[in-house]
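The structure appears below as structure tokens.
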Amino acid sequence: MTETPQRPRPLRVLAAMSGGVDSAVAAARAAEAGHDVTGVHLALSANPQSFRTGARGCCTIEDSRDARRAADVIGIPFYVWDLADRFREDVVEDFVAEYEAGRTPNPCLRCNEKIKFAALLDKALALGFDAVCTGHYAQVIVREDGTRELHRASDMAKDQSYVLGVLDDRQLAHAMFPLGDTVTTKDEIRAEAERRGLAVAKKPDSHDICFIADGDTQGFLANRLGRSEGDIVDESGTKIGTHEGAYGFTIGQRKGLRIGTPAPDGKPRYVLDISPVDNTVTVGPAAALDVSALTAVKPRWCGAAPVGPGTYTAQLRAHGGETEVSAEVVDGSLEVTFTEPVRGVAPGQAIVLYDGTRVVGSATIASTVRVTAGVA
């Protein structure tokens, strides 16, 4: 008698539904796979009208309604959970504090770490759910020994593992990404949503910071931190312009410097350094941005921490490419050396290490070593 292979045990799944097409299709796929799915939309602002509107797909009242309609079509229960206080403390206030300190944070990464796979996951587990499902493009692979690994999505063009590199073993054990293992274009995802009768099929993607309503990051920071005029100087320390707050700049920035005096060589200038202490922004040529090494702090590992020096690839921004590095944990910090210099690396950004497609872990860049100007 031939035994029929047993299907995996259905799970109780909490699907985080932003109101966009990806999370709606992910919830639909989880339900279609036989899991007991409940949809939840996260209310992340005490005043949702202040968040970006116009069908951006994240955190507005409009998005909540879109998520509810999608859940109705899928045929799953739906709730709205208020996590506005946690979001303000862990994401918005962190964002402001990092810029005030002259660093460049990634709020989406912080939201995954502190909200979707911490506050939301903790509440889900307390209510008896087995997993949290999101529309991220990444894969959780279960090895033969039962351990779990986070890998890049099958389609590198849509891979979002960079912003998930902060997830640890416990969080990976309860994470589900139904979109990560299929090679489909975004048009095909939208076509699938349309076949399923989901009205969000043609809804635009969200690309900007959800809590900055008009997309003006510098204006948002000025309202929170106040305007504070300071100097823009060249590499020799000569004043060549003024600004209204050093927090409004990031390493590698070219546009918006408003420097009246052209460079001696006539080439564009870039932000090289931000000093919150004396409210000074230093600018210079593009070549001065080249970085050969960095130190990153607060590492978080997607599995066991690496032991000894190793060779990896690294990603330094959400939509950036890979670069070869050697890395080692020294006294709790991650010391990284680049095989070839890279340009425009800013303290506050995350560096995510990969072994092939496997995510090794993530850490926050604290300082860099410039090729031509030493430590920055």
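The values are calculated or read from the model by the stated rules, or taken from the named source; none is laboratory data. What you are looking at is a predicted structure, and each value in this text was computed from that prediction instead of being measured. Reconstructed Cβ throughout: ideal geometry from the backbone, glycine too, with neighbour counts over all protein chains shown. Only protein heavy atoms, including side chains, enter the accessible area calculation; ligands, DNA and RNA are left aside. Shrake-Rupley method; radii C 1.70, N 1.55, O 1.52, S 1.80 Å.
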Inter-probe distance in nm under a simple model that places probes 7 Å from Cα toward Cβ, at THR242 and THR311 = 5.3 nm
Send over a whole-number figure in Å² for the accessible area per residue of the chain, probe 1.4 Å.
-> 47 Å²
Stretch gain in nm, segment ALA366-ALA286, where the contour uses 0.36 nm per residue and the Cα spacing is subtracted = 26.7 nm
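Determine the dipole magnitude for the stretch 199-250: charges of +1 sit on the beta-carbon of Lys and Arg, -1 on that of Asp and Glu, nothing else is charged, the reference point is the Cα centre, and the result goes in debye to the nearest 20.
My answer is approximately 300 debye.
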Could you tell me what percent of the accessible area of the stretch 152-211 is made up of carbon and sulfur, with a 1.4 Å probe and every protein chain present?
-> 51 percent
Each label sits 7 Å from Cα toward the beta-carbon; between ARG227 and ALA263 the label points are separated, in nm, by 2.8 nm
Hey, if you put +1 on the Cβ of every Lys and Arg and -1 on every Asp and Glu Cβ in the stretch 284-353, which of VAL307, GLY332, ALA318 ends up farthest toward the positive end of that dipole?
-> ALA318
Listed residue pairs exceeding 23 Å between alpha carbons, taken from LYS158/LYS267; LYS114/LYS298; LYS239/LYS267; LYS158/LYS255; LYS186/LYS298 | LYS158/LYS267; LYS158/LYS255; LYS186/LYS298
How big is the Cα convex hull of the stretch 231-367 in projection, averaged over all directions, in nm²?
-> 9.2 nm²
Approximate spin-label separation GLU335-ASP36, in nm, with each point projected 7 Å along Cα-to-Cβ | 5.2 nm
Of (i) 19.7, 65; (ii) 22.3, 86; (iii) 21.1, 80, the label for Rg and Dmax of the Cα atoms in Å derived from the coordinates = (ii)
Helix-only mean residue ellipticity at 222 nm for the chain, each DSSP H run of n ≥ 4 adding -39500 (n - 2.57), per residue, nearest 500 | -5000 deg cm²/dmol
Burial ranking of peptide ranges 352-361, 31-40 (average Cβ count within 10 Å, highest at the top) | 352-361, 31-40
What dipole magnitude, in Debye to the nearest 20, does the chain give about its Cα centre under +1 on Lys/Arg Cβ and -1 on Asp/Glu Cβ?
-> 800 debye
How much length is gained on full extension from ASP145 to ASP82, taking 0.36 nm per residue of separation minus their Cα-Cα distance?
-> 18.9 nm
